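Reviewing the structure listed below.
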């Protein structure tokens, strides 16, 4: 596969790189620098550099244990999410498994459940007197000891189930764009189905798998909500819970320095990622014959589908059902009987709470703008990083993805530090929310597209340029269509991310700019109880699904329809 | 590769020098005229308050205050944790945006006071306060109390088993049935732990006993209560007001709540919610006036009645207890200054005990 080494890259759009680099430096690097300064103890009260906070963090055995736990969890989640998401993606994109659309919809639904709610649903299933434990352990005595969700493995389970749709979406779009003729050639040359899968398809997909794997890894390292709900009960700390702990004792420099340690780990993983892609270049010419024969599962077709469906029932339908059921309960903890049901939770949300409508409106607006902006900037950054030879393009890419690696709370604090003082004062206005959302979403835009670009040979673009097309024309007619699925996946991810976002919202919102996150938080910490929180989540999910259906109806690209065998 | 490393290091160094240079020069300016640097974020004739508490209560308070003052108050609602973190981050950046902050725990306010971000004000209403609540030299005013109590699940705890004292929870029959919020994650939980530890004879042995009993930690207090409601644990140590509100909600929905409160005979741990005015020299006089009036209102009988409706205990000596709180309730005061002094040790010990195998 290594056809071309040390090739020249197409000299890209230098004229757009300037503004984008400025935006990235301003919006993304500047808050990071403020955080870095705080981690060194440099602030208004004390301008002297000190490494004390790092020394303190690094010499503390608690940090080391948390670091170890973090890496274990992130690694585990990445592995499980890739196996699950990748396997499903292959089944959907490459085989003749029935009801592909249904599978896609269910996986997408998983992704709409806020991770906090997902964690609570799993506690209901696997908690000390959870449903599954009662069944497997007490009733059937199938297992010797009750399963314990409150463990690092529990965090891995919930986070992996939360993240695998990301992998699925990225890999389905990549598999669809991938050249299937190579696989067919392998088959014609006598390779078995499995051999073709492992020697052709998988290596071809490697850049995409690594790219989205990196995304999941970094995201998991920064995850706080699930780690807190599932890790804390039995004192399993990860770095983010330690960071929150420092925040809670108002020790900002320690929170900042621990975040920097997290960032450093992430940077190392990022370097490994780039290194692993260095020596390999893959050709992937998108020929017109994209409609290759799907792999026939033969008599395995139905059993396979049933297996997938059962799996998805566990990962999605049951938790989703429990969220919906809870949202109709009169009170959290009641049993699911008709006399315990009510629609009052929905009425309270929109009744006494006048901010509810505004919150939904604001969040949707923010999400729309943030997703669109990140899609554009993300595309440009990915392009610069993979298609040009501009110096420091990999730094640019890493800087753009750092927000992924720290918990939302830290990102919000960095935004406070960066944007509170004149002349850069946007703190206290809705703009700070928008900007911070964009910063938080940018990594998803970059990652989703990057994998696609990495995996595609610039040959087509070069050919267009040689044939006399301008750079812009080449980009518009060749590159853009090839990465559209990635842009879409990134857009949707960013959109959902903003809708469900809590910590940034709660720390940065201003009067009038309430968001769904603010609503969720106040319901949660207030008198609403979990039943009302669930109701908000259900409304959110319904809105997302409705939006998706609308987009599907009116915005369905003509080309893809023929491409999709289902 | 080497080149890359060198270039990264040099970039970082340049940035550090650049920024530390800026920081240095800016700071000398700050020290000379600290107050001038802090610009006033608000508008004249309008104040902003960061408040934690039930949404509906904040709405009632805002309406109650604006009834006599007109539309002059912006309320930003948030939880106790975010409130403290937000103010702290703003303070670190040298510009707290709120005029008044209300909520969270005394430990947080003592910290803020030592950072010099609070402004002294003694309300004329303070004369009507119970004297154990007059603390803080006017840098903050205690305006409601919450009681740390034992909340239990009525369906899973038999009447004969209902705990009457803190000590009982250390007993064998409570093994794997308890929850409490993590003192490292929640300032309220830290306050409760400080109270438990200060109840002398127990010291750390009490928490150790809870740990031996397999106590489950949660991030927030309300999550401990949720676990009681769902039957995952049978009892939790948590503030009383949230429980009262949930019981009230159940009553309104026409069901008998699973939740109930046991009031320990040694006394409920009294954790107060302070209110404070943020120091800002450039705040217009009229806004200062409004801040004073808002503090007055919150501790006035009218303000206290609103808070009592949501379960908070009044700090005044002329108010009755909220529904659901027994008349003969005994509150145990916690020595906050001591708790602040020992906060580091409290967190470390808590951490050590809870992470021990």
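Bear in mind that the values in this text are calculations on the coordinates, not laboratory data. Because the structure is predicted, anything quoted here is derived from the model rather than measured. Cβ coordinates were reconstructed from backbone atoms using ideal geometry, including for glycine residues, and neighbour counts include every protein chain displayed.
A few remarks follow.
- Put in line by how crowded their Cβ is, counting other Cβ atoms within 10 Å and starting with the fewest, A:366, A:270, A:338 read A:338, A:270, A:366.
- Residue order, fewest to most surrounding Cβ atoms within 10 angstrom, among A:543, B:192, A:550: A:550, A:543, B:192
- Each 5 Å bin, from zero up to the one with the longest distance, holds this percent of the alpha carbon pairs of the range A:468-539: 3, 14, 16, 15, 12, 8, 7, 8, 7, 5, 3, 1, 0, 0.
- Average other protein chain Cβ within 10 Å of Cβ, residues B:74-81: 5
- Over all pairs of different C-alpha atoms, the range A:112-188 has a mean inverse distance whose reciprocal, the Kirkwood radius, equals 15.2 Å.
- Note on the range A:365-384 and the range A:18-90: Cα centroid distance 22 Å, given to the nearest whole angstrom.
- Convex hull of Cα atoms in the range B:298-357, direction-averaged projection (nm²): 6.6 nm²
- Tensor-based shape of the range B:96-149 (alpha-carbon gyration tensor, a/c under 1.5 rounded, otherwise prolate or oblate): oblate
- With neighbours defined as other Cβ atoms within 10 Å of a residue's Cβ, the residues B:57, B:188 order from fewest to most as B:57, B:188.
- Computed label-point distance, nm, for sites residue A:341 and residue A:467 using a 7 Å Cα→Cβ extension: 6.0 nm
- Rg ratio (alpha-carbon, reference 2.2 N^0.38 Å) - the range B:175-313: 1.30
- Secondary structure note: in the protein assembly as shown, about 60% of the DSSP beta bridges are antiparallel.
- Computed per residue of chain A from DSSP H runs no shorter than four, each worth -39500 (n - 2.57), the mean residue ellipticity at 222 nm is -21000 deg cm²/dmol.
- Rg ratio for the protein assembly as shown: its Cα radius of gyration over 2.2 N^0.38 Å, N being its residue count, equals 0.97.
- Between residue A:542 and residue A:134, full extension at 0.36 nm per residue minus the direct alpha carbon distance yields a gain of 143.8 nm.
- Shielding by partners for peptide A:419-425, expressed as the average number of C-beta atoms from other protein chains within 10 Å of each residue's C-beta, is 3.
- Cα gyration tensor category, rounded, prolate or oblate, for the range A:354-415 with a/c compared to 1.5: oblate
- In chain B, the longest principal axis of the Cα atoms and the axis of helix B:55-69 are about 60 degrees apart.
- The range A:48-201 - convex hull of the alpha-carbon atoms, volume per residue in Å³: 221 Å³
- Spin-label model, residue B:251/residue B:162: points 7 Å from Cα along the beta carbon direction are separated by 1.5 nm.
- Overall Cα dimensions of the range B:61-156 - principal axes, largest extent first, Å: 50, 34, 30
- Helix B:2-32 axis, angle to chain B major axis (alpha carbon atoms, nearest 10°): 90 degrees
- Dmax and Rg, reported as Rg then Dmax, of the range B:137-215 (C-alpha, Å): 14.5, 46
- For peptides A:223-230, A:313-320, sequence by mean Cβ density within 10 Å, most packed first: A:223-230, A:313-320
- The alpha carbon gyration tensor of chain B gives principal lengths a ≥ b ≥ c with a/c of 1.5 or higher and a/b no greater than b/c, which makes the shape oblate.
- Across peptide A:325-335, the mean count of Cβ atoms from other chains lying within 10 Å of each residue's own Cβ comes to 4.
- Segment residue A:309-residue A:358, length gained on full extension (0.36 nm per residue, minus Cα span): 13.9 nm
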